[in-house]
1. Any residue in segment 415-427 that is over 22 Å from VAL177 (Cα atoms), at pLDDT 85 or above, buried (at least 19 other Cβ atoms within 10 Å of the Cβ) and aliphatic (A, V, I, L, M)?
2. Please enumerate the residues belonging to segment 428-456 that are under 22 Å from VAL174 (Cα atoms) and either aromatic (Phe, Trp, Tyr) or surrounded by fewer than 20 Cβ atoms within 10 Å (Cβ to Cβ) (or both).
3. Exactly one of (1) exposed (fewer than 12 other Cβ atoms within 10 Å of the Cβ); (2) of a type in the set (Gly, Ala, Ser); (3) at pLDDT below 85 is unmet by SER343. Its number?
4. Got at least one residue in segment 81-88 being modelled with pLDDT of 80 or more, within 16 Å of SER151 (Cβ to Cβ) and of a type in the set (A, V, I, L, M)?
5. Which of the residues spanning segment 413-468 are outside any helix (DSSP H, G or I) and among the β-branched types (Val, Ile, Thr)?
6. Being in contact with a Pro (Cβ under 9 Å, 6 or more places away or on another chain) and in contact (Cβ under 8 Å) with a residue 40 or more places away in the chain, is that true of even one residue in segment 356-363?
7. With respect to the numbered conditions (1) modelled with pLDDT under 90; (2) touching a Gly at 6+ places or on another chain (Cβ under 8 Å), which one is the sole condition not fulfilled by ASN323?
8. I'm trying to understand the selection: among the residues of segment 353-371, which are of a type outside the set (Phe, Trp, Tyr), outside any helix (DSSP H, G or I) and within 16 Å of ALA315 (Cα to Cα)?
Amino acid sequence: MKKSLIGFAIIAATVFSQFDAAAQFRNGKVPQEKTEAQQLMEEAEAAEAPLAITLEQALKIALSENVAVKIADKEIQRSEYAKKGTYSSLYPQLSGTGSYQRTLIKNDIRAMMGDGGFSDMMKDTKIGNSNTFNVGAALSMPVINPQLWKSLKISDISVETAVEKARSSKLDMVNQVKQAYYSSLLAKEALDVYQTVYDNAVANYEKIELKYKAQKASELEYLRAKTNVSNAIPNLYDAENSVFLALWQLKAVMGVDLDMNIDTVGELNDYAETLFYDLTQTDSLDLSGNSSLRQLDLQANVLEQTWKLQKLAYAPTVSLMANITYSSVANDPIKKLSWFPYSYAGLTLQIPIFSGFKRMNDVRQAKNQYEQVQLTRQDTERQLRIAAQNYVNTMASCMKSYYSSLDAVQSAEKSFEIMNRSYELGRATLTDLNDATVVLVQSRLVQSQVVYNFIVAKANLEKMISNDFLYEE
């Protein structure tokens, strides 16, 4: 008995779950697996502490939430609909017709009654029917229409253009996310440097304050140490604000809520290995994948096809047409109507002869636009190669500066340690220690800036040659 009840319960639960799933399907609530981007966003909203995300995770979130990417995808759909609308011109066009006419004043026929004498009367007779009904259907279909066929080719290219624009939007988004991510890392490293400066200034001030109270340090040293702490505070606040703004910029380009609690992972030195870049591969850059050039090529293709389409305006066209009409007339529409059919079918030939030179000028205009785009493409490619060379030169300069910046940081750290010990032993002044601190700060910031400049130039170069495929996931 218990087994029967358990079996019945399982069957009932299964049936109810199927009914619930069917109801969700009808209501458009089909259960779907959450993407990694959605899971990360939910974790960030639920986390109390900032959720640290990698660059790859930031890109995945941006690909699902960035508004520009969504608009580009919508544009692809719109182009597909427009293409289908153009192809519908090849199908037969069927339309129904119907009309009703009510005769207000009928025609009169006057007839002579009798043998024609003066006493004879003239009689008026009304002719026609009070109501006229017409219903029917008309069919038309292009048989030979070169311009229509060429317009179908143009609609295909329009879809390709929309796809390429979507690809360009994704490449721009990837580049923007990268630069915002790198900027946040640079801001955080600057904050670490100024935090260290502040901590050292506070530590020195506390030591000198004890010496000053014990009358082992002069008032001048005490005031200088206090001034160093005051001078370090504004830089620390500015660095904190820079980190906050950099993270806001990152969230803005990702397309997420600006209040989302996220943070970036790692530091700029993690990307230092990318400085070992083979610049020989940039000697002859392949710009065939550049989105701007590809869009210009597609635009030129559209204008070339438009040029040919205008030429085809001189070609004759042949169309198939057919019509069937049922007519009925009656004085009393309530009575049963008698319908009389009428139908025909045939071909229509249209030969362009003269249009006031309009077709000729349309051809010239299309050719002129095509030539303009060709010149624009040449100039755009020239400008892109100049920009690419600028990125390559920046990368080469950063590669040369990186090792010198490493040596400068190591020397500045060692100099600061020596100067700090010397000051504690009374062999150096506070001014000497401050100078060593400034040199250390500048050398660390220069090293971070060198790495930042390199990876930003590399990201811009990869976007230009479309060598960044992270978004394809």
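The values are calculated or read from the model by the stated rules, or taken from the named source; none is laboratory data. Just so we're clear, the structure is a prediction, and the values are computed from it rather than from any experiment. Quick reminder, even Gly has a Cβ in these numbers, built from the backbone with ideal geometry, and neighbours come from all protein chains shown.
1. Yes.
2. GLN449, TYR452, ASN453, PHE454
3. Here SER343 clears every test but (3).
4. Looking through segment 81-88, at least one residue is modelled with pLDDT of 80 or more, within 16 Å of SER151 (Cβ to Cβ) and of a type in the set (A, V, I, L, M).
5. Of the residues in segment 413-468, the ones outside any helix (DSSP H, G or I) are 425-429, 465-468.
Within segment 413-468, THR429, ILE465 qualify.
6. Yes, that holds for at least one residue.
7. (1)
8. ILE353, SER355
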